[in-house]
Amino acid sequence: MCGIWALFGSDECLSVQCLSAMRIAHRGPDAFRFENVNGFTNCCFGFHRLAVVDQLYGMQPIRVKKFPYLWLCYNGEIYNFKQLQKQFGFEYQTLVDGEVILHLYNRGGIEQTASMLDGVFAFILLDTANRKVFLARDTYGVRPLFKVLTDDGFLGVCSEAKGLINLKHSTSLCPKVEPFLPGHYEVLDLKPSGKVASVELVKFHSYKDEPLHVVCDTVETLPSGSFDLETVKSNIRILFENAVRKRLMAHRRIGCLLSGGLDSSLVAAVLLKLMKEMNISYSLQTFAIGMENSPDLVAARKVAAHIGSEHHEVIFNSEEGIQAIEDVIFSLETYDITTVRASIGMYLVSKYIRKKTDSVVIFSGEGSDELTQGYIYFHKAPSPEESAEESERLLKELYLFDVLRADRTTAAHGLELRVPFLDHRFTSYYLSLPAELRTPKNGIEKYLLRQSFEDSNLLPKEILWRPKEAFSDGIASVKKSWFSILQDYIDQQVDDLLLEKAAEKYPFNPPRTKESYYYRQIFEKHYPGRSNWLPHYWMPRWVKATDPSARTLKHYKSAPQE
């Protein structure tokens with residue numbers, strides 16, 4: 001996890017513009033650098049580093065002797081950089097995984113580069129010899145990237161939008177800042193003036209397609225051509241374990257978020273198993289957060305005892321959660337209701353990890369609900385085909401919701417997130433399975449995923465088959481959910497008259513509840529006029545829901561408390 005920032009063709013003094021880069025300093029607490037581009041006095045890179053690999057030569061922009069005309073600023077991890085080195089005979093100058101981007105580009109251009117990277121990434125690549133600038137972002141947008149491009153060719157790029165909104169430019173008082181689309185790369189011409197012109201925006205990978213980098217994966221071939229259930233279950237286990245294994249690449253301590261739900265529990269169990277196999281010397285720290293005796297704390301305790309992790313519990317009260325709301329919305333850069341709710345617990349546990357432990361690389365279970373149809377409303381899907389379409393829609397929008405939440409809440413405290421459920425190979429295989437196989441069965445969501453690990457003894461049976469509990473609900477008690485606590489507080493903060501006139505004040509995505517009005521007010525305070533960063537609120541489908549909480553749905557049932 002790092003913070004990247006770059007400007008091309010700035011009309012204003014760079015020393016003033018560079019102050020904007022300091023707004024993402026939390027993403028890289030270990031080191032910091034600004035660097036001007038030779039021959040282009042109005043172009044520069046900014047970089048905040050979280051040192052996870054190659055402590056000595058990991059500063060950016062990365063430049064190597066072999067390609068003096070290439071400048072690379074990237075945020076992410078490329079898990080197959082050693083396999084690519086072996087496949088193509090690359091000679092690396094550093095131990096930095098991202099160096100492979102320079103070699104791939106030199107060998108085959110930007111299309112091959114983006115397609116062959118197995119990992120999560122957002123990068124800015126400058127080729128001064130050919131006067132080109134390239135931007136690219138991974139398939140699911142696990143690593144964030146924002147850009148601003150004015151009509152006269154001024155380009156700003158940053159890991160978070162907050163690093164761009166205060167940029168000064170002569171022809172625009174408020175340049176449009178927008179997220180760079182996941183799974184795409186963009187080619188821009190660099191003019192002698194330092195300004196740029198966009199040439200093309202290309203989608204290089206669709207999540208349903210098997211990625212090109214499979215040819216140099218550690219798991220080369222799988223039994224294919226058959227959807228026999230035992231074969232499918234075996235393939236799911238092999239690919240998921242492989243997804244966790246490749247993400248063990250780190251020179252800093254690894255930890256894992258553990259809610260006690262299926263997804264984070266599977267990640268933690270497989271992670272600890274592989275760490276033992278690899279003789280990693282330290283114990284795995286797992287982290288759970290909740291209010292006193294919340295369902296998540298109780299379940300996470302069981303999982304930690306079963307797998308043998310060094311378990312930490314972070315207990316917070318409603319006052320601490322409420323006090324964090326404004327900081328959370330500022331970090332998130334969104335006002336989506338369910339995203340804000342779920343982020344508060346994740347923000348507070350990340351704060352604890354940074355202050356009280358030495359774990360820096362944090363595994364988590366994001367992406368599973370979207371991929372394996374884990375949301376409770378999937379029980380109401382009219383058909384398996386519509387379930388499959390909804391799953392794909394959710395994956396496409398992850399960068400606006402759960403992936404955004406997971407990145408910002410951890411990055412706010414200088415942690416690096418790893419999400420094995422969003423492994424390219426694993427997701428493309430799961431999505432290739434017949435729609436009927438992937439639907440909820442016997443009233444239980446994620447049935448196929450649970451079945452696949454039923455005989456593995458990785459988890460206690462009651463955890464493997466624990467019903468879905470939304471993170472923002474599981475951290476509170478069964479009697480009173482977190483969303484109810486929030487609504488009771490906010491009801492006193494927002495006047496009825498304000499809500500009545502909400503559509504006049506906020507015509508785009510108008511708030512329909514006091515809670516959404518409260519979040520929107522805070523968002524507009526920090527990011528006025530930027531409400532279009534959220535195209536729509538996250539809400540369940542196929543049900544008449546007025547609130548995104550799982551606990552408001554009829555199907556919801558909580559596990560009995562002990």
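At a glance:
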read-out: Verdict on VAL361 being open to solvent by less than 30 Å² (accessible area, probe 1.4 Å), of a type in the set (A, V, I, L, M), touching a Lys or Arg at 6+ places or on another chain (Cβ under 7 Å) and touching a residue at least 24 places away in the same chain (Cβ under 8 Å); value: yes
read-out: So GLU91, is it under 26 Å from ASP217 (Cα atoms), crowded, with 21+ Cβ neighbours inside 10 Å, of a type in the set (D, E, K, R) and assigned by the TED database to the domain that holds LYS195; value: no
read-out: Answer residue from region 257-308, given it is without any contact (Cβ under 8 Å) to a residue 12 or more places away in the chain and part of a helix (DSSP H, G or I) and is most open to solvent (accessible area, probe 1.4 Å) among those; value: LYS276
read-out: Residues satisfying the stated conditions in region 116-134, i.e. of a type outside the set (A, V, I, L, M, F, W, C) and open to solvent by 10 Å² or more (accessible area, probe 1.4 Å); value: THR128, ASN130, ARG131, LYS132
read-out: Only one of GLU385, GLU397, GLU333 that is open to solvent by 30 Å² or more (accessible area, probe 1.4 Å) and touching a helix residue (DSSP H, G or I) at 6+ places or on another chain (Cβ under 6 Å); value: GLU385
read-out: Any chance LEU222 is part of a helix (DSSP H, G or I) and either hydrophobic (A, V, I, L, M, F, W, C) or crowded, with 21+ Cβ neighbours inside 10 Å (or both); value: no
read-out: Verdict on HIS311 being at pLDDT 95 or above, in contact with a helix residue (DSSP H, G or I) (Cβ under 8 Å, 6 or more places away or on another chain), in a strand (DSSP E or B) and not aliphatic (A, V, I, L, M); value: yes
read-out: Verdict on ALA342 being at pLDDT below 95 and touching a Gly at 6+ places or on another chain (Cβ under 7 Å); value: no
read-out: Any chance GLU111 is in a helix (DSSP H, G or I) and either surrounded by fewer than 16 Cβ atoms within 10 Å (Cβ to Cβ) or of a type outside the set (A, V, I, L, M, F, W, C) (or both); value: yes
read-out: Extreme residue, nearest to TYR399 (Cα to Cα), among residues of region 305-340 that are more than 24 Å from the chain's Cα centre (by Cα) and small (Gly, Ala, Ser); value: SER318
read-out: Any hit, region 182-203, residues being β-branched (Val, Ile, Thr), within 28 Å of VAL244 (Cβ to Cβ) and loosely packed, with under 15 Cβ neighbours inside 10 Å; value: no
read-out: Strands (runs of 3 or more DSSP E) (entirely within region 1-102) containing at least 2 residues that are in contact with a Ser or Thr (Cβ under 7 Å, 6 or more places away or on another chain); value: 3-8, 67-78
read-out: When residues of region 204-214 are limited to those that are open to solvent by less than 70 Å² (accessible area, probe 1.4 Å) and in a loop (DSSP other than H, G, I, E, B), the one farthest from TYR429 (Cα to Cα); value: PHE204
read-out: Some residue of region 231-252 being open to solvent by 40 Å² or more (accessible area, probe 1.4 Å), touching a Ser or Thr at 6+ places or on another chain (Cβ under 6 Å) and in a helix (DSSP H, G or I); value: yes
read-out: Enumeration of residues in region 276-308 that are among the acidic types (Asp, Glu) and farther than 20 Å from ARG245 by Cβ; value: GLU292, ASP296
read-out: Residues satisfying the stated conditions in region 457-468, i.e. touching a helix residue (DSSP H, G or I) at 6+ places or on another chain (Cβ under 7 Å) and either more than 12 Å from VAL303 (Cβ to Cβ) or buried (at least 18 other Cβ atoms within 10 Å of the Cβ) (or both); value: LEU458, LEU459, ILE463, LEU464, TRP465, ARG466, LYS468
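The values are calculated or read from the model by the stated rules, or taken from the named source; none is laboratory data. This is a predicted model, so every value here is computed, not measured. Methodologically, a virtual Cβ is constructed for each residue, glycine included, from the backbone with ideal geometry; neighbour enumeration extends over all protein chains shown. With ligands, DNA and RNA removed, areas are computed over all heavy atoms of the protein, side chains included. Shrake-Rupley method; radii C 1.70, N 1.55, O 1.52, S 1.80 Å.
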